[in-house]
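The values are calculated or read from the model by the stated rules, or taken from the named source; none is laboratory data. Nothing here was measured: the structure is a model prediction, and the numbers come from that model. When we count neighbours, we look across all protein chains shown, and the Cβ atoms used for this are built from the backbone with ideal geometry, even at glycine.
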Ligand SMILES: CCCCCCCC/C=C\CCCCCCCC(=O)N[C@@H](CO)[C@H](O)/C=C/CCCCCCCCCCCCC
Ligand SMILES: [Ca+2]
Ligand SMILES: [Zn+2]
């Protein structure tokens with residue numbers, strides 16, 4: 001009788017951090033606790049991006065609500081290392097990436113047979129449903145497939161950067177890329193070189209992944225929001241700001257928005 005999908009350690013994946021070192025209920029303590037970053041950054045980005053969301057679309061808030069859900073599901077996953085927890089974690093990531101594409105992919109990148117964003121959103125929804133079903137086929141590769149989407153995201157960034165003359169946005173993109181590079185290096189090292197890190201008595205790279213990928217996504221989403229606004233709300237003047245260190249340009253990036261003429265608002 002195979003173990004229940006809810007059973008502890010029913011996932012095929014066990015991260016490098018030693019299990020049950022700090023609590024009999026939490027399999028990977030630091031891999032669980034570091035997901036608090038998502039529970040902090042998600043609400044903060046909702047608050048900071050509210051003026052932009054009012055002008056662009058309130059579905060922007062759904063991205064950050066799902067971001068918080070990712071943090072909760074990842075906490076549950078690392079607490080139990082259950083197959084159910086792994087799928088909750090990976091499927092929630094899949095859906096938030098799809099939502100990000102549905103909202104922010106600039107129209108010039110739509111497939112030729114799709115002319116407007118509503119139709120593109122419907123196509124993305126179908127892809128998300130099909131991908132969700134496929135995630136049950138070989139779960140051990142799901143995370144690699146999800147991470148490979150980043151290469152398309154990098155392609156989009158390069159294409160848009162070539163047309164961008166805003167120094168602040170160019171700088172933000174490089175910071176996003178740097179954060180992601182550190183994050184994916186931690187993720188791959190934890191997955192592929194655990195024995196090496198265990199010998200150094202440092203098996204917390206996946207915990208660092210959580211922190212850096214959380215920050216990378218907060219940064220890259222702001223870059224895509226800026227590029228998207230050039231196409232979707234061109235009558236707005238956008239300025240990049242940072243919280244909490246406004247003058248030093250360090251912290252969470254967000255867009256302030258001034259209207260050149262009164263146009264529709266969602267709130
Ligand atoms: C038009 C493009 C829009 C792009 C929108 C991108 C939105 C990405 C939103 C959320 C991704 C959050 C990923 C955090 C994962 C946290 C949970 C976790 O660590 N899960 C692991 C198990 O614990 C699991 O192994 C991870 C699976 C893969 C995660 C894939 C992350 C893709 C990140 C895409 C953004 C890259 C930023 C690139 C910056 C240059
Ligand atoms: Ca472990
Ligand atoms: Zn994780």
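Listed values, structure above:
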{"item": "Filter result for residue 103 (within 15 Å of the chain's Cα centre (by Cα), within 16 Å of ligand 3 (Cβ to nearest atom), touching a residue at least 24 places away in the same chain (Cβ under 8 Å) and surrounded by 21 or more Cβ atoms within 10 Å (Cβ to Cβ))", "result": "no"}
{"item": "Number of the exception - residue 11 against (1) under 19 Å from residue 218 (Cβ atoms); (2) within 13 Å of ligand 1 (Cβ to nearest atom); (3) in contact (Cβ under 8 Å) with a residue 24 or more places away in the chain", "result": "(1)"}
{"item": "Residues that are touching a strand residue (DSSP E or B) at 6+ places or on another chain (Cβ under 9 Å) and under 18 Å from residue 97 (Cβ atoms), drawn from segment 33-62", "result": "41, 45, 49"}
{"item": "Count of segment 200-222 residues which are touching a helix residue (DSSP H, G or I) at 6+ places or on another chain (Cβ under 9 Å) and more than 8 Å from ligand 1 (Cβ to nearest atom)", "result": "10"}
{"item": "Out of 39, 72, sole residue that is assigned to a helix (DSSP H, G or I), within 11 Å of ligand 1 (Cβ to nearest atom) and surrounded by fewer than 21 Cβ atoms within 10 Å (Cβ to Cβ)", "result": "72"}
{"item": "Residue within segment 87-95 that is touching a helix residue (DSSP H, G or I) at 6+ places or on another chain (Cβ under 7 Å), more than 13 Å from ligand 3 (Cβ to nearest atom) and under 30 Å from residue 259 (Cβ atoms) present", "result": "no"}
{"item": "Failed item in (1) modelled with pLDDT of 95 or more; (2) surrounded by fewer than 14 Cβ atoms within 10 Å (Cβ to Cβ); (3) more than 16 Å from ligand 2 (Cβ to nearest atom), with residue 115 passing the rest", "result": "(1)"}
